[in-house]
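Notes for the one structure printed next.
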Amino acid sequence: MKLSNNASNRCNEVDVLRGFAIVLMVIFHFCYDLSTFGWASYNTGQDIEWRIFRAIIVSSFLLAVGMSSYLAYHNHLNLDKLAKATSKLILVATFLTISSVFMYPTTWVYFGIIHLIAVALPISVLFVRIPTISLIVGVLVIFFYSLGWLSMEPIWRWSVSNIGIPRRTVDLASLIPWIGVVLIGVFVMHKHIFSIKLPEHYIFKKLAMLGRHSLIIYLVHQPIMYGILLAIKSI
């Protein structure tokens, strides 16, 4: 999500990408809630169109993470700043896990998108000075995953048996292959591939504003929507 409050380390296009992703995520979660309450017949976890939709959302967020990481740390590695950003993400991830236990007791979140970003951020910083290597590693991770040569499944199976994590979860963003998208984002920012120079339009301004506050929106939007729908159903 948002990695820096320093205006000199901000990129409007990255904020727009992040804002675009948060809008799609709100739509996705709203549709998921409708299905959860029995007001829609689709399955957001299995239907191919919803899986593609989710992949677009996650890819947008993680591409922005890699891009922001390069922007914030390629000139100077501020370890205090990195530690604070990572610690904040870990705290948020812990809060989400605890909250999900109460909301979804049998499918609680043990490694969702925020957990992934908390791990991916410091990993991406290792590559900001070697962006070409970052691209190569990112592409290889995704390629090997697609061939079935690289997977987190053995660790997942061990964790289910020995730690007691649920077999199903309402939000899972596995480190492999998604770390590959983050590493590709480092290269994208290095080469200014995303420097589109968007026109001064209010839609892009609104998306950029949402992108700058994406973490807080991520935290509050689902409880609010879920609570409203629960209240409606209780009437």
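The values are calculated or read from the model by the stated rules, or taken from the named source; none is laboratory data. All of these numbers come straight from a predicted model, not from anything done at the bench. So basically every Cβ, Gly included, is an ideal-geometry build from the backbone, and we count neighbours across all protein chains shown.
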Checked region 46-101 for anything closer than 18 Å to residue 33 by Cα, crowded, with 16+ Cβ neighbours inside 10 Å and out of contact with any Phe, Trp or Tyr (no Cβ under 7 Å at 6 or more places or on another chain); matches are 96
All-but-one check, residue 158 against (1) of a type outside the set (S, T, N, Q); (2) more than 21 Å from the chain's Cα centre (by Cα); (3) part of a helix (DSSP H, G or I); (4) closer than 20 Å to residue 193 by Cβ, failing number (4)
Would you check if residue 97 is farther than 18 Å from residue 194 by Cβ, touching a helix residue (DSSP H, G or I) at 6+ places or on another chain (Cβ under 9 Å), hydroxyl-bearing (Ser, Thr, Tyr) and outside any helix (DSSP H, G or I)? no
Any residue that is part of a loop (DSSP other than H, G, I, E, B) and free of Cβ contacts under 8 Å to residues at least 60 places away in the same chain - is there at least one of those in region 129-137? yes
In this structure, is residue 27 in a helix (DSSP H, G or I), farther than 24 Å from residue 142 by Cβ, among the hydrophobic types (A, V, I, L, M, F, W, C) and modelled with pLDDT of 95 or more? yes
Give the residues of region 15-32 that are farther than 9 Å from residue 210 by Cβ, under 14 Å from the mean Cα position of the chain (by Cα) and β-branched (Val, Ile, Thr), sorted by residue number. 26
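Here is a check on your reading of the model: is residue 22 in contact with a Phe, Trp or Tyr (Cβ under 9 Å, 6 or more places away or on another chain) and closer than 25 Å to residue 71 by Cβ?
Values: in contact with a Phe, Trp or Tyr (Cβ under 9 Å, 6 or more places away or on another chain): yes; closer than 25 Å to residue 71 by Cβ: yes.
So residue 22 fits the description; yes.
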All positions within region 186-235 that are closer than 20 Å to residue 33 by Cβ and part of a loop (DSSP other than H, G, I, E, B): 235
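I'd like to verify a number: residues in region 39-58 that are part of a loop (DSSP other than H, G, I, E, B) and within 14 Å of residue 24 (Cα to Cα), how many?
Initially, region 39-58 is screened for residues part of a loop (DSSP other than H, G, I, E, B), giving 39-47.
So of that shortlist, the ones also within 14 Å of residue 24 (Cα to Cα) come out as 44.
Adding up the residues that qualify gives 1.
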Counting only residues in region 26-45 that are in contact with a Phe, Trp or Tyr (Cβ under 7 Å, 6 or more places away or on another chain) and surrounded by 14 or more Cβ atoms within 10 Å (Cβ to Cβ), the one nearest to residue 203 (Cα to Cα) is identified as 28
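Go through 207, 175, 230, 198 for me and flag whichever is modelled with pLDDT of 95 or more and either of a type outside the set (Asp, Glu) or crowded, with 17+ Cβ neighbours inside 10 Å (or both).
After applying the criteria, what remains is 175.
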Conditions (1) aromatic (Phe, Trp, Tyr); (2) in contact (Cβ under 8 Å) with a residue 40 or more places away in the chain; (3) under 16 Å from residue 59 (Cβ atoms) -> residue 145 fails only (2)
Just checking, how many residues over region 119-150 are hydroxyl-bearing (Ser, Thr, Tyr) and closer than 15 Å to residue 187 by Cβ? 3
